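Just so it is clear, none of the values below were taken in a lab; they were calculated from the coordinates. Only a predicted model underlies this, so the values are computations on that prediction, with no experimental measurement involved. As a convention, Cβ positions derive from the backbone with ideal geometry for all residues, glycine included, and neighbour counts pool all protein chains shown.
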Amino acid sequence: MNAKSHTGSVSTAISRSVLLLALAASAAVAAQDSASPSTTAAMKLSVGRSVVLDRSADVARISISNPEVVDAVAVTTREILVNAKSTGLSTLVIWSKTGTRDMYIVTVDRDLEPIRRLLKETFPDEAVDVRADRDTLALVGRASNQAVADRAMALMAPLVKTVVNNLQVVPPGADKQIILRVKFAELNRNVATSFGVNLLSTGALNTPGRITTGQFASGNPSQLTGTIPGHPTGTSSTFSLSDALNIFAFRPDLNLGAVIRDLETQGLLQILAEPNLVTTNGKEASFLVGGEFPVPVLQPGSSGSVTIQFREFGIRLNFLPQVTANKTIKLHVKPEVSTIDLANGVVFNGFTIPALATRRMETDIELGEGQSFVIAGLLDDRVTENLSKVPGLSHLPILGALFKSRDLTRSKTELLVMVTPDATYPLSATDPKPLPPMPKEFLPGVAVPSHPAAAPSGKPAAATSAKPASEAPGR
């Protein structure tokens with residue numbers, strides 16, 4: 001009986017001791033928690049950057065939730081080096097030996113400052129910015145046209161895996177219209193001098209005949225179409241003149257005549273073409289005033305197969321305008337004037353293929369609106385001289401000039417090409433529309449008499465006279 005009572009007392013004492021130990025441990029934990037306060041702070045880093053955390057107490061332990069984003073290394077007992085490795089979010093917890101702990105919410109983003117600087121240098125007049133989210137870049141802002149947006153996308157593509165284009169393209173306004181006035185001025189001066197003497201005998205010494213260099217036509221005594229009396233002691237003879245040239249002298253008593261050509265001619269020809277062409281800024285325009293001529297072309301690898309191709313000729317104008325930032329107009333101009341040249345053509349299998357006499361210019365100039373500039377000038381001076389003479393007789397002193405014929409032709413051609421660009425904008429809906437000026441009003445208005453109202457009680461209504469046409473409004 002006494003033994004059982006002793007055993008129960010021991011069990012009760014052990015239970016009380018365990019309970020007291022548990023309570024003491026709980027109190028110790030609570031006291032430790034109250035003695036080690038926790039702090040939370042936010043930290044932002046850029047990829048590839050590092051930061052050093054200086055601690056006031058020695059570090060006991062470090063924990064990182066996402067090591068792929070942030071890496072922390074204890075350099076000394078009180079210095080921690082934090083490295084940003086990639087974009088993302090991570091939590092860094094640091095315990096000190098004094099019992100305190102600090103928590104950092106670390107956000108790692110891409111460093112966008114170099115990219116913004118690159119965009120600003122590439123597009124200085126554009127409101128283009130960039131945003132980043134992990135491996136994705138987003139272009140935001142406004143672009144003046146679609147070409148700028150496409151270039152910005154191509155610039156960002158090598159930097160990240162994904163680029164999102166959120167740029168707003170400004171609707172294009174009215175483009176400036178460029179009108180080009182080109183003047184082709186050609187001045188052609190021709191001077192021709194000819195001198196020749198043909199001697200004609202109508203029967204002197206009973207011998208009709210002639211002496212000529214063959215360059216000009218002369219009389220022919222073999223064609224007996226008239227009778228001219230000769231010397232009283234001589235005989236009569238007949239002759240005809242196919243070309244009396246411009247000086248003709250005849251002695252009937254000597255039966256001797258002289259036909260002389262001594263002419264000087266001058267000609268002046270001016271051809272002026274003024275084509276005008278309108279196009280949009282930055283767009284090429286061209287036109288052709290002329291025609292086409294057929295050219296036979298032998299097909300290669302075929303048995304004599306010939307096809308016909310057409311070649312263009314005439315006045316052609318190609319130009320590409322570009323309005324610069326200085327409000328000037330930069331032009332790439334290519335005018336051309338070509339004509340058919342039959343004198344230098346060829347005959348091939350019965351086909352006459354004409355040549356082309358072409359004058360072509362191509363240049364780049366920059367002018368202000370309304371300014372004119374001569375882009376090309378051509379001066380062609382040609383001299384052609386034909387000399388015919390009778391051998392032997394043409395070398396006689398003084399008299400030798402009667403047996404010579406000379407034909408001198410001088411041609412001088414001058415071609416000028418003048419360019420005048422001008423700019424204009426299309427009319428809006430509220431602008432007055434331009435109309436051709438009229439010498440007088442077209443279809444003047446006529447006053448129409450009003451309809452007579454029904455007269456009461458059968459009385460006729462008063463007549464309303466119409467105004468004469470001369471009093472119509474707008475007259």
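Counting pairs on different chains as well as pairs 8 or more places apart, how many Lys pairs in segment 320-453 have Cα atoms under 28 Å apart?
Details: K327/K433; K334/K412; K389/K404; K389/K412; K404/K412.
Final tally of qualifying lysine pairs is 5.
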Fill in the blank from the handout: Computed from the beta carbon distance with a Förster radius of 35 Å, FRET efficiency for V170 and L435 to the nearest 0.05 stands at 0.55
Fill in the blank from the handout: With bins of 10 Å, the percent of all Cα-Cα pairs of segment 69-110 per bin from 0 is 26, 52, 20, 2
Handout entry: Long-range HN-HN contacts of N198 with modeled amide H, under 5 Å
Key = V259, I260, R261
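Can you pull the Kirkwood radius for segment 249-374, inverse mean 1/r over Cα pairs, to one decimal in Å?
Numbers: mean 1/r = 0.0502 Å⁻¹.
One decimal place: 19.9 Å for the Kirkwood radius.
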Exercise for the section: In whole Hz, with x marking every Gly and Pro, tabulate ³J(HN,Hα) for segment 418-423 from phi via Karplus 6.51 cos²θ - 1.76 cosθ + 1.60, θ = phi - 60°. Expected result: 10, 10, 9, x, 8, 10
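Quick check on packing: order 404-411, 50-57, 141-148 by the mean number of other C-beta atoms within 10 Å, highest mean leading. Can you show the working numbers first?
Values: 404-411: 16.8, 50-57: 12.2, 141-148: 15.0.
Packing proxy ranking, top to bottom: 404-411, 141-148, 50-57.
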Completion exercise
Sequence order, segment 404-411: Karplus ³J(HN,Hα) from phi using 6.51 cos²θ - 1.76 cosθ + 1.60, θ = phi - 60°, Hz rounded, Gly and Pro as x, gives 10, 10, 10, 10, 10, 10, 10, 10
Exercise for the section: Restricting things to alpha carbons, tell me how big segment 339-455 is in terms of Rg and Dmax, in Å. Expected result: 33.3, 118
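Assuming a viscosity of 1.306 mPa s and a temperature of 10 °C, what translational diffusion coefficient in µm² per second does Stokes-Einstein assign to segment 129-179, Rh being the Kirkwood radius over Cα pairs? If you can, show how the numbers build up before the last one.
Values: Rh = 12.1 Å.
Answer from the Stokes-Einstein relation: 132 µm²/s.
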Problem - Interchain or long-range residues, amide H under 5 Å from L256's placed H - result: T202, R251
Practice task
Scan segment 154-188 for trypsin sites (Lys or Arg not before Pro) in coil per DSSP, keeping those whose Cβ has at most 12 other Cβ atoms within 10 Å, and list them by number.
Solution key: K161
Exercise for the section: Give a residue-ordered list of calculated ³J(HN,Hα) values for segment 321-333 (Karplus: 6.51 cos²θ - 1.76 cosθ + 1.60, θ = phi - 60°; whole Hz; x for Gly, Pro). Expected result: x, 8, 7, 8, 5, 8, 6, 9, 10, 9, 10, 10, 10
